[in-house]
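Written out below as structure tokens is the structure these notes cover.
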Amino acid sequence: MNFSASKFHKSVLGLYEQATRVRLIVGDFKYKVRHGQLLGQGSMQPAPGCERYVFLLSYRDGENPTVKIINPPLRCRSDQSEIPHTYDPDEPCLFRPSIDWSNEQSLGSTIIPWLAAWLFYYEMWHATGEWLGGGEHPETNEDEISNTNDSSQE
């Protein structure tokens, strides 16, 4: 038998297929596809008794998806200076870019469950003051510069 590598090539899901898979999980997900970009809005309640959060999802094939929480706004605890595992005050850190996500994956089976888990741990953080969601947050350029400066002063 002659097996070529192309027979095993993983397919990339199109933007409409990605949106449809999200909508299977998030029933109120509304979206538009324009200029090669999926833009959508939906809501979820991570667990009974938790808030219902409205989120925006943006995805362009070949790039990492982004999610922003728009309502209710994410807020910091009064005894802490920042919200854990976020890129911006409204953008949760759901995955490690280029490690956990690829465009061969479904947004509905990765990003959406990761968002639900993140929101659950966000609520637990508000209740306990401790981030129970684990994970790691990649260093930013500022962190790398700070670490370089610290080691050069030794």
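Computed from Cα atoms alone, the Kirkwood hydrodynamic radius reported for the range 11-152 is 16.3 Å.
Distance between the modelled labels on residue 12 and residue 104, one decimal in nanometres: 1.3 nm (7 Å Cα→Cβ projection).
Along the range 43-55 the Karplus relation, 6.51 cos²θ - 1.76 cosθ + 1.60 evaluated at θ = phi - 60°, assigns HN-Hα couplings of 9, 8, 10, x, 6, x, x, 8, 4, 9, 10, 9, 10 Hz to successive residues, with x for each Gly and Pro. Modelled spin labels at residue 63 and residue 77, positioned 7 Å past Cα toward Cβ, are 3.4 nm from each other. Estimated at 0.36 nm per residue, the fully extended path between residue 45 and residue 127 surpasses their Cα-Cα distance by 27.9 nm.
Rounded to the nearest Hz, the phi-derived 3J(HN,Hα) couplings of the range 16-29 under the Karplus curve 6.51 cos²θ - 1.76 cosθ + 1.60 (θ = phi - 60°) are 5, 5, 4, 4, 5, 5, 5, 5, 4, 9, 10, x, 9, 5, where x marks glycine and proline.
Throughout, read-outs are computed from the coordinates displayed, never taken from laboratory work. Worth saying up front: this structure is predicted, and the values here are computed from it rather than measured. Neighbour counts are summed over all protein chains in view; Cβ atoms, including those assigned to glycine, are modelled from backbone coordinates with ideal geometry.
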